Each structure stands twice: as C-alpha cells, then as structure tokens.
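A quick write-up on the structure given underneath.
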C-alpha cells in the first residue's frame, strides 16, 4: 500500500513539520487525496503523518497513520486509523527490539498479537531516513532493513535505493527532483528536503500515482 511506502521517505535535518498535498489516481482515474507531513521532535527523533482520503466510485474511506522513529532511524511506534462511514478500525504497532506488538481494535473488541523477527543479523534501522541531512547521498546508495508490514501482517525485507537526479513534469510544472526506489514497484521523486513531488507504484489494480499540488514558486516550466 502506498501509505506504507510514503512513510519510508528520507527527511532533512532540523526541518520543522512540513506538509504537502497530493492528488491520487489509480489506473488513470481519480482516486482521492493524500496529505503528508513530518518533522523532527527535539531529542526524540522524527514523526511522520499521512492521511489518505480515498474516493473510488461509491467506495469512500480515510486512512490516517503516524509513525515515530528514534534518532538512529529505528521505528518505535505506528498508529493507523481506518474510517469508513460509522466503522472505525484502530491499529497500533509497538516495536520491542526485534518483536512487533500489534493491537487491532474495532468497537469494543481489541486483539493483540506479537511477531518476532528471527532473521539472524537483521537490522530494523533504516539509514535512508538520514540521506538528506544537508546533501543527498551518493548515487546508488542503498538502505536494506526489515520492517513489520501492517498490510501483510508479517516482517518484510525492504531495500531503498537512491537512483540519482531526474527532471520531470508535475502537473503543469517541470521540476528537478531526486529519485528514490523502494523495491521494484515503487518510485518516488522528491525535493531537496526529501518531500515528495510525485510517486508511482505498481499495484494489482493498476498504477497508483500521486502528484503534488502545492509546488513552490520558481518551478514554472
């Protein structure tokens, strides 16, 4: 899911909370809007908040998620709320070392499960979170780590790679961006602060594309 991919984007040092708004399309059709913000919490690390308002025909729902990382790029907590009409599902994830503690809540029902990462020598620290501390990383830089996927309900191995610079159209504007890939199916194009201009993800339902709508002045074609 794209909301999971978005929260892995790197972030610049010392930047107060920034917010970008993006339009979403799925297989070329309007699919809703996404707001994405993040900021450094003094002495604690960083927080990221993503809100996706999905409008797929008559199917409308909202996914809100916040992730907290320590200063070393190690995830500490994830909270996700899915709202569809009167139905609200709350999911929380707490990392205890290499164990993920997940609580699912709907109405008065709550269930907690634990999932241990048994891969020898595995790391859950994502070095790419610090790629944009002043200068971008060297082209070809990679961050390989394990994270618990709330969408898949299991630990998954991730590889984030800095592919280099790219010039692309975003709406009616042309921008110079940094391209970041996550595995084979996700590509992000970000600004100098690591905030997304555009993202493209291959899904079973077609290509999911997000384009930023609040480009700063000076990016005119």
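Each reported figure results from applying straightforward, stated rules to the coordinates on display, with no laboratory input. On a predicted model such as this, the values are computed, not experimentally measured, just so you know. Note that we place each Cβ from the backbone using ideal geometry, even for glycine, and neighbour counts take in every protein chain shown.
Per-structure values
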| quantity | calculated |
| --- | --- |
| Computed label-point distance, nm, for sites residue 113 and residue 205 using a 7 Å Cα→Cβ extension | 2.2 nm |
| Modelled FRET efficiency - R0 45 Å, residue 106 with residue 172, Cβ distances, 0.05 increments | 0.60 |
| Segment residue 55-residue 192, length gained on full extension (0.36 nm per residue, minus Cα span) | 46.3 nm |
| Quotient of Cα Rg and 2.2 N^0.38 Å for region 63-113, N being how many residues it contains | 1.26 |
| Residue 154 versus residue 125: modelled label distance in nm, points set 7 Å from Cα along the beta carbon direction | 2.8 nm |
| Two-decimal Rg/Rh across region 19-119, once Rg and the Kirkwood Rh are taken from alpha-carbon atoms | 1.03 |
| Computed helical MRE - 222 nm, the chain, DSSP H runs ≥ 4 contributing -39500 (n - 2.57), nearest 500 | -500 deg cm²/dmol |
| Per-peptide average of other Cβ atoms within 10 Å, ordering 94-101, 79-86 highest first | 94-101, 79-86 |
| Cα convex hull of region 75-221, projected area averaged across orientations, nm² | 11.5 nm² |
